[in-house]
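Undergrad: I'd like to ask you about the structure that follows.
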Amino acid sequence: MTEATMLRIYVGEGDRVDSRPVYEAIVNRAKELGLSGATVLRGVMGYGALGRVHTAKILRLSEDMPMIVEIVDESEQIDAFLPELDALVPEGLVTMEKVKIKYFRKDG
């Protein structure tokens, strides 16, 4: 098993940077910098620091769902990405944790 770091970024679906979604900007910048990969997950319900609940159950509130971007890579790569991330995330939550990679398979 390999030791790595998982970076998890919580933002809102409606959050923007330079007129595009923050989650999209994060993934594109991570790719440009050669990080191993990124996954965006769309939450079905959640709330943040303001305490406002976002849920897909109520149509008018479903436009700003919680979004989570996960990136797993070597600690050095994640640490180097943090200043870039700081410039992309105007508000949200960023966490890091140590993970063990059992396997990472790529074809081609």
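Undergrad: In sequence order, what are the phi-derived ³J(HN,Hα) couplings for region 35-43 according to the Karplus relation 6.51 cos²θ - 1.76 cosθ + 1.60 with θ = phi - 60°, rounded to whole Hz, with x for glycine and proline?
TA: So the J values, rounded to whole Hz, are 5, 4, x, 9, 10, 10, 10, 9, x.
Undergrad: Mind pulling the per residue volume of the convex hull built on the Cα atoms of the chain? Å³ is fine.
TA: Numbers: hull volume 13.9 nm³, N = 108.
Dividing the Cα hull volume of the chain by its residues yields 129 Å³.
Undergrad: For the chain, which span is the longest to avoid every loop-located (per DSSP) member of GluC sites (Glu not before Pro) having at most 13 other Cβ atoms inside 10 Å? Could you put the intermediate results ahead of the total?
TA: Details: sites that count: E63, E91.
Longest gap between qualifying sites, sites excluded: 1-62.
Undergrad: Would you compute, from DSSP H runs of 4+ residues alone, the mean residue ellipticity of the chain at 222 nm, taking -39500 (n - 2.57) per run and dividing by the full residue count, rounded to the nearest 500?
TA: On the way: 2 runs with 25 residues, N = 108.
That comes out to -7500 deg cm²/dmol.
Undergrad: Using 1/(1 + (r/R0)^6) with R0 = 22 angstrom and r between the beta carbons of M96 and S19, what's the FRET efficiency to the nearest 0.05?
TA: Working: r = 28 Å, r/R0 = 1.28.
Step by step, r from the Cβ atoms, then E = 0.20.
Throughout, read-outs are computed from the coordinates displayed, never taken from laboratory work. From a predicted model like this one, the values you see are computed outputs, not experimental measurements. All Cβ positions, glycine included, derive from the backbone under ideal geometry; neighbour counts span all protein chains shown.
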